[in-house]
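J.: Quick one: structure below, then a few questions.
The values are calculated or read from the model by the stated rules, or taken from the named source; none is laboratory data. Because the structure is predicted, anything quoted here is derived from the model rather than measured. Neighbour counts are summed over all protein chains in view; Cβ atoms, including those assigned to glycine, are modelled from backbone coordinates with ideal geometry.
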Amino acid sequence: MAIHVKTPDDGAVTRFGERFRGELLRPGDAGYDEARSIWNGMIDRRPAVIARCAGVADVIEAVNFARENGALVSVMGGGHNVAGNAVCDDGVVIDLSRMRSVRVDPSRRTARVEPGVTLAELDHETQAFGLATPVGFNSTTGIAGLTLGGGFGWLSRKYGMTVDNLASADVVTADGELVRASEEENRDLLWGIRGGGGNFGVVTSFEFRLHDVGPEILSGVIVHPHDEAADVLRFVREFNAEAPDDLVVWFVLRKAPPLPFLPEDAHGTDVLVLAAFYAGDPAEGEAAMVPLREFGEPIADAIGPHRYTEWQQAFDPLLEPGARNYWKSHNFADLTDEAIDTAVEHAARLPSPQTELAFARLGGAVTRVPADATAYPHRDAEYVMNVHTRWEDPAHDDECVAWAREFYDAMAPHALVGTYVNFISEGKGEESLAYGDNYERLAELKREYDPTNLFRMNQNVEPAD
């Protein structure tokens, strides 16, 4: 679909500003450069207008302004989409980062959440009542982007994906209408935003179901030397296959950061980090983790009681903003010996000290949902891999990107067909892998809610013909 894009003229922007309650930023304005800077340091774009919305009325005005002026639109939440789709060149950024309300109803066990909220802010409010919903594993992530792509974390084996816990949402569509998506109203739209990305409108409010969690849980890391990684991972594979839904073990191959519980001579060496979490009674978790903690000769074992909110923030220091990031992702039904050996081999020659090969364990409640029940289709994935390539110097861009693609290609023979949409760095070309067999239905839904493809700064679904 060929779309003619225009940059809004000064007069149109001035008239827009008269109707706008929030803040409009343009090139040259104080705060403009800060507002256009995002988490991934590789992204450097200069929008014509950044519309920092104060509420739903501003979102409606911004959508109407962009549509009526033929402008390119991007939508910015509160977090850090690696692809950089939050900002666009010469267009309109609908910035939701100031819409940060969280309203918990402990009697109904629900939370109503605005799109600028981060996971740390959501957890802070829900944990006041001993409640939580499955979200990601880095607390500075934005709830909006996480949810629209599917969302998974430490609670997913027990309670499902983030989208499985999304009860309803308020959405401003491409025609500037505010609609409610729920099981009772616009059910097709609810299906689409449960994993279909920002293709159908701007979500101004999410309603999540909550579950009893914490506030104290059992969690921590066990660190093994790299030369034992293959044997440990074969054990972890078998251990995970028998684990209850309460128990999650993820793993990361990387260079050891200078963590206080690691001996200094291990800092900077190649290691395997097992990250374990138990969602139920910590005493039961202690018993369940005994075989994991007794296997091999780890460098360190830091399993212990933590507040849930502390564990949710434990890995934040490894993901500070400003570094350059390039990600690739595969899904796996299982980890074969060949897949393990390939990962261990490549982890011995990481292109930068910050790069890591991360494998999240899913299964459990995630795989008990039919693939067509939500737009997120990858219900057969027992593991999700993120090739998290991260570095500082732009001179290393080509080297790091090439290494990530090489490893991704090497793992492809062992993987399922498909990828996790929130781990895609590429601007275009991986939509069929992200949306799988649900793509055709998504395209039909796109034709209904956004026939001109106004919302296309995303892993885009084009409207069906």
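J.: Give all pairs with beta carbons closer than 8 Å in which a residue from segment 338-349 that is closer than 13 Å to VAL387 by Cβ meets a residue that is at pLDDT below 95 and assigned to a helix (DSSP H, G or I); count only pairs at least 6 apart in sequence or on separate chains.
T.: Pairs that qualify, where the first residue is closer than 13 Å to VAL387 by Cβ and the partner is at pLDDT below 95 and assigned to a helix (DSSP H, G or I): there are none.
Table: residues versus (1) at pLDDT below 95; (2) more than 26 Å from VAL135 (Cβ to Cβ); (3) in contact with a strand residue (DSSP E or B) (Cβ under 9 Å, 6 or more places away or on another chain).
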{"residue": "GLY363", "(1), (2), (3)": "no, no, yes"}
{"residue": "ALA373", "(1), (2), (3)": "no, no, no"}
{"residue": "ALA381", "(1), (2), (3)": "no, no, yes"}
{"residue": "VAL387", "(1), (2), (3)": "no, no, yes"}
{"residue": "ALA395", "(1), (2), (3)": "no, yes, no"}
{"residue": "ALA402", "(1), (2), (3)": "no, yes, no"}
{"residue": "HIS414", "(1), (2), (3)": "no, yes, yes"}
{"residue": "GLY427", "(1), (2), (3)": "yes, no, no"}
{"residue": "ASN438", "(1), (2), (3)": "no, no, no"}
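J.: Further, regarding this structure: Consider segment 330-344. How many of its residues are surrounded by 17 or more Cβ atoms within 10 Å (Cβ to Cβ) and part of a loop (DSSP other than H, G, I, E, B)?
T.: Here the count works out to 1.
J.: Could you figure out which of (1) part of a strand (DSSP E or B); (2) in contact with a helix residue (DSSP H, G or I) (Cβ under 9 Å, 6 or more places away or on another chain); (3) crowded, with 21+ Cβ neighbours inside 10 Å isn't true of SER74?
T.: (2)
J.: Take segment 99-120 and flag every residue that is acidic (Asp, Glu) and without any contact (Cβ under 8 Å) to a residue 40 or more places away in the chain. If you could, list the steps in order and put the result at the bottom.
T.: Of segment 99-120, the ones acidic (Asp, Glu) are 105, 114.
Once the filter is applied, which keeps residues that are acidic (Asp, Glu) and without any contact (Cβ under 8 Å) to a residue 40 or more places away in the chain, segment 99-120 yields only ASP105.
J.: Here is a follow-up. Name the residues in segment 315-344 that are in contact with a Gly (Cβ under 6 Å, 6 or more places away or on another chain) and of a type outside the set (S, T, N, Q), would you? So that I can check it myself, show each step before the final result.
T.: Step one: of segment 315-344, the residues in contact with a Gly (Cβ under 6 Å, 6 or more places away or on another chain) are 322-324, 331.
Once the filter is applied, which keeps residues that are in contact with a Gly (Cβ under 6 Å, 6 or more places away or on another chain) and of a type outside the set (S, T, N, Q), segment 315-344 yields GLY322, ALA323, ARG324.
J.: Take the conditions within 25 Å of GLU382 (Cα to Cα) and not assigned by TED's automatic domain parsing to the domain that holds ASN85 and apply them to PRO263. Does it pass? Spell out how you get there, then give the answer.
T.: Numbers: within 25 Å of GLU382 (Cα to Cα): no; not assigned by TED's automatic domain parsing to the domain that holds ASN85: yes.
So PRO263 does not fit the description; no.
J.: Of everything in segment 26-47, what is buried (at least 21 other Cβ atoms within 10 Å of the Cβ) and either of a type in the set (Gly, Ala, Ser) or more than 30 Å from VAL401 (Cα to Cα) (or both)? Give them in sequence order.
T.: none
J.: Also: In this structure, is VAL417 farther than 30 Å from PRO258 by Cβ and in contact with a helix residue (DSSP H, G or I) (Cβ under 8 Å, 6 or more places away or on another chain)?
T.: Working: farther than 30 Å from PRO258 by Cβ: yes; in contact with a helix residue (DSSP H, G or I) (Cβ under 8 Å, 6 or more places away or on another chain): yes.
Criteria met by VAL417.
J.: Return the only residue of ASN69, ASN64 being surrounded by fewer than 20 Cβ atoms within 10 Å (Cβ to Cβ), in contact (Cβ under 8 Å) with a residue 60 or more places away in the chain and farther than 25 Å from VAL113 by Cα.
T.: Working: ASN64 fails: farther than 25 Å from VAL113 by Cα.
Just one listed residue meets the conditions, ASN69.
J.: Hey, ALA174 hits all of (1) farther than 21 Å from GLY142 by Cα; (2) surrounded by fewer than 21 Cβ atoms within 10 Å (Cβ to Cβ) but one; which does it fall short on?
T.: Of the numbered conditions (1) farther than 21 Å from GLY142 by Cα; (2) surrounded by fewer than 21 Cβ atoms within 10 Å (Cβ to Cβ), the odd one out for ALA174 is (2).
J.: Let me ask something else about it. Just checking: which of the strands (runs of 3 or more DSSP E) contained wholly in segment 223-329 hold 3 or more residues that are under 21 Å from the mean Cα position of the chain (by Cα)? Break it down stepwise before answering.
T.: Values: elements: 247-255, 270-278, 304-307.
Ranges flagged: 247-255, 270-278.
J.: Next question, about the same structure. Only one of THR204, THR162, THR173 is outside the structural domain of ALA358 (by TED's automatic domain parsing) and farther than 21 Å from LEU122 by Cβ; which? Spell out how you get there, then give the answer.
T.: Details: THR204 fails: farther than 21 Å from LEU122 by Cβ; THR162 fails: farther than 21 Å from LEU122 by Cβ.
Just one listed residue meets the conditions, THR173.
Residue-wise test of (1) surrounded by 14 or more Cβ atoms within 10 Å (Cβ to Cβ); (2) assigned to a loop (DSSP other than H, G, I, E, B); (3) in contact (Cβ under 8 Å) with a residue 24 or more places away in the chain.
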{"residue": "SER425", "(1), (2), (3)": "yes, yes, yes"}
{"residue": "GLY429", "(1), (2), (3)": "no, yes, no"}
{"residue": "LEU433", "(1), (2), (3)": "yes, no, no"}
{"residue": "GLU440", "(1), (2), (3)": "no, no, yes"}
{"residue": "ALA443", "(1), (2), (3)": "yes, no, no"}
{"residue": "GLU448", "(1), (2), (3)": "yes, no, yes"}
{"residue": "ASN453", "(1), (2), (3)": "yes, yes, yes"}
{"residue": "ARG456", "(1), (2), (3)": "yes, yes, yes"}
{"residue": "VAL461", "(1), (2), (3)": "yes, yes, yes"}
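J.: Residues that are touching a Gly at 6+ places or on another chain (Cβ under 7 Å) and surrounded by 19 or more Cβ atoms within 10 Å (Cβ to Cβ): does segment 14-21 have at least one? Write out each step before concluding.
T.: Let us first name the residues in segment 14-21 that are touching a Gly at 6+ places or on another chain (Cβ under 7 Å), namely 21.
From the residues that got through so far, the ones that are surrounded by 19 or more Cβ atoms within 10 Å (Cβ to Cβ) too are none.
Among the residues of segment 14-21, not one is touching a Gly at 6+ places or on another chain (Cβ under 7 Å) and surrounded by 19 or more Cβ atoms within 10 Å (Cβ to Cβ), which makes the answer no.
J.: Hey, can you tell me all the residues within segment 31-48 that are on the phi < 0 side of the Ramachandran plot and assigned to a loop (DSSP other than H, G, I, E, B)?
T.: If we filter segment 31-48 for residues that are on the phi < 0 side of the Ramachandran plot, which is where we start, we get 32-48.
Once the filter is applied, which keeps residues that are on the phi < 0 side of the Ramachandran plot and assigned to a loop (DSSP other than H, G, I, E, B), segment 31-48 yields SER37, ILE38, TRP39, ASN40, GLY41, MET42, ILE43, ASP44, ARG45, ARG46, PRO47, ALA48.
J.: Does ARG52 satisfy the condition of being under 25 Å from the mean Cα position of the chain (by Cα), outside the structural domain of ASP123 (by TED's automatic domain parsing), of a type in the set (D, E, K, R) and within 30 Å of LEU210 (Cα to Cα)?
T.: Numbers: under 25 Å from the mean Cα position of the chain (by Cα): yes; outside the structural domain of ASP123 (by TED's automatic domain parsing): yes; of a type in the set (D, E, K, R): yes; within 30 Å of LEU210 (Cα to Cα): yes.
Taking the combined requirement at face value, the residue satisfies it.
J.: Tell me yes or no: at least one residue of segment 210-226 is acidic (Asp, Glu) and over 30 Å from ILE299 (Cβ atoms).
T.: Step one: filter segment 210-226 for residues acidic (Asp, Glu), giving 212, 216.
The next check asks that each one be over 30 Å from ILE299 (Cβ atoms); those that pass are 212.
Yes; the residues of segment 210-226 include at least one that is acidic (Asp, Glu) and over 30 Å from ILE299 (Cβ atoms).
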